[in-house]
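The values are calculated or read from the model by the stated rules, or taken from the named source; none is laboratory data. Quick caveat, the model's predicted, so the values are computed rather than measured. Here Cβ is always computed from backbone atoms with ideal geometry, including for glycine, and neighbour counts include all displayed protein chains. Please note that ligands, DNA and RNA were not included when accessible areas were found on the heavy atoms of the full protein model with its side chains. Shrake-Rupley method; radii C 1.70, N 1.55, O 1.52, S 1.80 Å.
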Amino acid sequence: MRTWRWLFIFLIVPLLLAAEKTAPTPSFTHAAAEARMRRDLAFLASDECEGRGPGTRGIDKAADYIAEQFKKAGLKPGGANGSYFQPFPINANVLDAPAHLALTGPQGQSITFKQGVQFWPMALGGSGSDQAPAVFAGYGITSDKAKYDDYAGIDVADKVVILLRGAPHGGDAERNDELRKHAPFLKKIANAQKHEAAAVLFVNDADTARDGDDLLDFNYTAFTHSSGRIPVFHVRRSVLEMMLPGGADMLTRLENDIHRDMKPHSCELPG
């Protein structure tokens, strides 16, 4: 037994040494392939591709990029008319014409905003036209379990409600979690309709706007099924700041007060 054991060891050691000598080492080809993969991933995951969401310009850029890489790799196209793409139908909401959003001040002054610059309509609501007073309704949340209601003590019937994205988060973990359940757009729209609001304007909360007050374009929500019947817009914080008597400082104060007190600070916007 001892002889065979040592014989086995003597045989295996040369094999290991031979394997070590013949093991492949990183080559220029491997390095080039790794660099190409890193470059591809960096582009496809970049902000330029907008998360590659359906209907966005970013997903078209990603698709064009991948098709170009197929071409460079020598792959033959399998689509119609020599294309790398295979079209298929998908249900989505369509923006038939540009939307319009304007504010009229207490002295009759009017400010008209530009779609894609200060606002985007959202595909979560219905179409329509209305002139109505505005109300700031905090986060637009009603939760009996969390004992929180942004609509308490304020009448929003036939008015435009302006709502912050997200949810209050100044309480204990359990209460914060409960309020976050009411944060999705669809739940806030349904709650606004329940209170007979005429339209909804969503505004990025301070946390969302920390890295830039970016707007969600129409296509971001075009593929979402919604029972919303009233017009819904996503507007920049600067639009709401124009409507508040204290401007940007008042908006910051309102948000801070909500988080500190864990109570609504909704208010009408006269004029």
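Working from Cα pairs under 8 Å separated by at least six residues, relative contact order for the range 56-200 is 17 percent. Taking a ≥ b ≥ c as the square roots of the Cα gyration tensor eigenvalues, the range 162-271 comes out rounded, since a/c falls below 1.5. So how strong a dipole does the chain carry about its Cα centre when Lys and Arg Cβ are +1 and Asp and Glu Cβ are -1, to the nearest 20 debye? Here the size comes out at about 1420 debye.
Between LYS181 and THR29, the modelled label-to-label distance comes to 5.8 nm, taking each label 7 Å out from Cα in the direction of the beta carbon. Using a cut-off of under 20 Å, list every residue of the range 185-200 whose amide N is near the label point 7 Å from the Cα of HIS225 along the Cα-to-beta-carbon line. From the range 185-200, the list is 185-191.
Secondary structure note: in the chain, about 50% of the DSSP beta bridges are antiparallel. Ranking ALA152, PHE223, PRO133 by how far each Cα lies toward the positive end of the dipole of the chain (charges on Cβ) leaves PHE223 at the top. Accessible area per residue for the range 93-132 is 68 Å², calculated with a 1.4 Å probe on protein heavy atoms, without ligands, DNA or RNA.
Taking the charge dipole of the chain about its Cα centre, with +1 at Lys and Arg Cβ atoms and -1 at Asp and Glu Cβ atoms, the residue from ALA102, MET37, ASN191 reaching farthest to the positive side is MET37. At q = 0.11, 0.12 Å⁻¹, what log₁₀ I(q)/I(0) does the range 76-217 have when each alpha carbon counts as one equal point scatterer in the Debye sum? Each listed q maps to, in turn, -0.54, -0.62.
Counting only the Cα atoms, the chain fills a convex hull of 266 Å³ per residue. Calculated from the alpha-carbon coordinates, the range 114-183 shows an Rg and a Dmax of 14.5, 41 Å respectively.
Which pairs in the list LYS114/LYS187; LYS114/LYS145; LYS114/LYS263; LYS61/LYS159; LYS114/LYS159 are over 32 Å apart, alpha-carbon to alpha-carbon? Before the final figure, lay out the partial values.
Values: LYS114/LYS187 27 Å; LYS114/LYS145 40 Å; LYS114/LYS263 34 Å; LYS61/LYS159 40 Å; LYS114/LYS159 22 Å.
Distance filter (> 32 Å) returns LYS114/LYS145; LYS114/LYS263; LYS61/LYS159.
Here the range 20-159 has an Rg and Dmax of 25.8, 87 Å, counting Cα atoms alone. Ordered from largest to smallest accessible area (heavy atoms of protein chains, 1.4 Å probe), the residues CYS49, CYS267 come out as CYS267, CYS49.
For the range 26-91, a Kirkwood hydrodynamic radius built from all Cα pairs, placed in the Stokes-Einstein relation at 25 °C and 0.890 mPa s, yields a translational diffusion coefficient of 181 µm²/s.
Note down the magnitude of the dipole of the range 140-262 about its Cα centre, charges +1 on Lys and Arg C-beta and -1 on Asp and Glu C-beta and zero elsewhere, to the nearest 20 debye. Display every interim value, and only then the final one.
Numbers: 16 positive and 21 negative charges, 67 e Å.
Roughly 320 debye for the range 140-262.
Summing charges over all other residues whose Cβ lies under 15 Å from the Cβ of ASN219, with Lys and Arg as +1 and Asp and Glu as -1, gives -2. Springs join every pair of Cα atoms under 10 Å in this Gaussian network model of the chain, and among ARG39, ARG165, ARG229 the largest mean-square fluctuation is at ARG39. Which of THR104, THR142, THR221 moves the most in a Gaussian network model of the chain with Cα springs under 10 Å? Fluctuation is largest for THR104.
Carbon-plus-sulfur fraction of the accessible area of the range 123-222, 1.4 Å probe, in percent? Mind dumping the intermediate values first?
Working: 2080 of 4610 Å².
Carbon and sulfur together cover 45 percent of it.
In terms of the Cα gyration tensor, with a ≥ b ≥ c the square roots of its eigenvalues, is the range 83-132 rounded because a/c is under 1.5, prolate because a/b exceeds b/c, or oblate? Prolate is the answer for the range 83-132, as a/c is 1.5 or above and a/b outweighs b/c.
The mean sequence separation of alpha-carbon pairs under 8 Å and at least six residues apart, normalised by the residue count of the chain, gives a relative contact order of 21 percent. Note on the chain: with a GNM built from Cα contacts shorter than 10 Å, the maximum mean-square fluctuation among ALA102, ALA33, ALA132 falls on ALA33.
Taking label positions 7 Å along the Cα-Cβ direction at both ASP60 and ALA45, the computed distance is 2.6 nm, reported to one decimal.
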